[in-house]
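Q: The structure under discussion is supplied below as structure tokens; questions concerning it will follow.
What follows is calculated from the coordinates using simple rules that are stated; it is not laboratory data. In this text the structure is predicted, and so the values were computed from the model without any measurement. Cβ atoms come from the backbone with ideal geometry, glycine included; neighbour counts cover every protein chain shown.
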Amino acid sequence: MFLTMPDPSATTILEWYDRHARRLPWRMPPSRSRRGEYADPYHVWLSEVMLQQTTVVTVGPYFRKFLARWPRVEDLAAADLDQVLTEWAGLGYYARARNLHKCARLVCDDHGGRFPDTEVGLRELPGIGPYTAAAIAAIAFGRTATPVDGNIERVMARLFAVEAPMPDSKPVLKSHAVRLTPDDRAGDYAQAVMDLGATICTPRAPTCSLCPWQAGCRARAEGLTETLPRRTPKAPRPVRRAVAYWMTRRDGHVLLRRRPETGLLGGMMEVPSGPWAETPDFRDVPPVAADWRLLPGLVEHGFTHLQLELQVKAARIDGRTTLGGVWIPLEAFGDHALPTLTRKVVRHVMAHLGKGTR
DNA sequence: TATTCGTGGGT
DNA sequence: TACCCAAGAAT
């Protein structure tokens with residue numbers, strides 16, 4: 001009978017975690033965390049910010065780079081924002097890098113170099129929202145707190161067969177996660193559920209036969225596993241089009257421009273382009289008169305909320321003009337914070353013009 | 001409350 | 001190909 005279905009418990013998944021926890025650079029292994037040892041708050045904070053909407057595989061190298069260059073929060077606070085942005089380039093969501101730097105300075109200036117050890121205290125720092133505050137409090141300070149990320153939402157939706165669609169069901173999912181949170185080892189519990197979601201209770205084709213909670217999983221009992229969590233359909237993302245202008249001068253330097261500090265790709269370097277216009281009508285108004293040459297093909301880039309299509313035109317122009325940008329030699333592109341969109345444009349140009357800028 | 005923030009990998 | 005999704009936060 002269904003009445004004998006066991007309730008899922010933190011004990012069950014903590015035992016699983018003790019045997020199967022992933023070894024991650026920022027994580028205290030369960031053999032030690034079980035004894036009340038906690039990972040360095042600086043490491044936990046840095047990793048959690050990087051992990052916001054970003055996969056473990058992607059974050060790994062960035063985490064190592066940052067830690068090698070700035071071993072302590074004081075080192076990061078002493079760095080220039082530009083250095084931080086350059087190291088961050090490619091990770092995306094660049095507001096995180098600005099807030100990271102701002103937060104490091106606040107921790108050093110206002111907290112003596114120590115992170116607040118409570119959820120409420122952490123929540124006041126820039127770039128630390130509900131999830132990250134709870135994660136640091138639990139993982140680095142042993143507080144009883146319940147971070148809820150996408151993994152944990154999915155696991156809870158299945159465990160309790162929550163059929164209401166996200167994001168409306170988020171509060172319900174969180175209440176389930178909170179109810180299961182143990183007073184002791186809350187950090188390990190959260191990391192255990194996240195590991196479970198990442199390796200077993202995956203979005204598609206979960207391997208329920210390996211799941212420590214399989215006996216108590218309502219979605220499994222009702223055959224709903226693959227269909228949960230449900231989600232309200234999202235609006236289609238609009239297409240925008242523009243022309244990017246690849247400008248070179250006689251010595252081969254290229255004109256790049258820094259985007260405004262806030263908003264899309266804030267503070268990142270770009271190949272100057274006209275306004276990103278609605279689909280059918282876009283104007284081609286080159287920034288300077290020159291012998292513009294249209295490169296074949298398009299540079300396409302999808303953001304979360306819009307699809308961008310760039311035509312690229314190239315020309316050699318008078319090296320005395322700057323148009324509010326900076327002349328940069330191709331060899332020095334690596335020293336600058338180039339988001340993927342910019343790198344795509346560079347790659348596109350190289351494919352059609354080659355290094356002899358012509 | 002709803003948008004606006006990147007990017008890479010999987011299917 | 002097109003879509004989904006990933007240790008979310010700020011506005």
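Q: As I understand it, the value is the acute angle between the Cα axis of helix A:95-111 and the longest principal axis of the Cα atoms of chain A; what does it come to in degrees, rounded to 10?
A: 60
Q: Provide Rg and Dmax in Å for segment A:239-358, with only Cα atoms included in the calculation.
A: When restricted to the Cα atoms of segment A:239-358, Rg and Dmax are 13.6, 39 Å.
Q: Report, in cubic angstrom per residue, the convex hull volume of the C-alpha atoms of segment A:140-274. Walk me through the numbers on the way to the answer.
A: On the way: hull volume 27.7 nm³, N = 135.
Hull volume normalised by residue count: 205 Å³.
Q: On a 0 to 90 degree scale, rounded to 10, what angle separates helix A:340-353 from the longest Cα axis of chain A?
A: 40
Q: Oh, and also: Quick check: Cα centre of segment A:193-210 to Cα centre of segment A:241-318, how many Å?
A: First find each Cα centre; the distance between them is then 42 Å.
Q: Between A:Asp80 and A:Thr207, what's the calculated FRET efficiency when r is the beta-carbon distance and R0 is 41 Å? Round to 0.05. Don't jump to the answer; show the numbers that get you there.
A: Values: r = 46 Å, r/R0 = 1.13.
For A:Asp80 and A:Thr207, the calculated efficiency is 0.35.
Q: Distance in nm between label sites at A:Glu278 and A:His352, each 7 Å beyond Cα in the beta-carbon direction?
A: If labels sit at A:Glu278 and A:His352, their model points lie 2.7 nm apart.
Q: Only counting other Cβ atoms within 10 Å, I'd like A:Leu91, A:Leu294, A:Leu330, A:Leu196 sorted with the fewest neighbours first.
A: A:Leu294, A:Leu330, A:Leu91, A:Leu196
Q: Using the Karplus curve 6.51 cos²θ - 1.76 cosθ + 1.60 with θ = phi - 60°, what ³J(HN,Hα) values do you get for each residue of segment A:176-193, in whole Hz, with x for Gly and Pro?
A: My calculation for segment A:176-193 gives 5, 4, 5, 4, 8, 5, x, 5, 9, 6, 4, x, 5, 4, 5, 5, 5, 5 Hz in order.
Q: Let me see the pair-distance distribution of segment A:1-114: every alpha carbon pair, 5 Å bin width, integer percents in order.
A: Binned Cα distances yield the sequence 2, 10, 18, 19, 16, 11, 9, 7, 3, 2, 2, 1, 0.
Q: Across 10 Å bins from 0, what is the distribution of all Cα-Cα pair distances for chain A, in whole percents?
A: The distribution over chain A is 5, 21, 25, 21, 16, 9, 3, 0, 0, given as percents.
Q: For segment A:76-144, what is the convex hull (Cα atoms) projected area averaged across all directions, in square nanometres?
A: Working: hull surface 18.7 nm².
Seen from a random direction, the Cα hull of segment A:76-144 projects 4.7 nm² on average.
Q: Here's something else I'd like to know. Modelling each spin label as a point 7 Å along the Cα-to-Cβ direction, I'd like the A:Phe333/A:Thr58 distance in nm, to one decimal.
A: It is 2.1 nm.
Q: To make sure I understand the rule: partners must be aspartates and glutamates, Cα under 14 Å from the Cα of A:Lys170, and not fewer than 8 residues away in the same chain. Which ones qualify?
A: Candidates past the 8-residue exclusion: A:Asp149, A:Glu153.
Q: Per 0.36 nm of contour for each residue apart, how much would the distance between A:Leu298 and A:Thr262 grow if the chain were fully extended, relative to their Cα-Cα spacing?
A: Numbers: separation 36, 0.36 × 36 = 12.96 nm, distance 2.66 nm.
Length gained between A:Leu298 and A:Thr262: 10.3 nm.
Q: Let me ask something else. Kindly express, to the nearest 10 degrees and within the range 0 to 90, the angle between helix A:41-50's C-alpha long axis and the longest C-alpha principal axis of chain A.
A: For helix A:41-50, the angle is close to 60 degrees.
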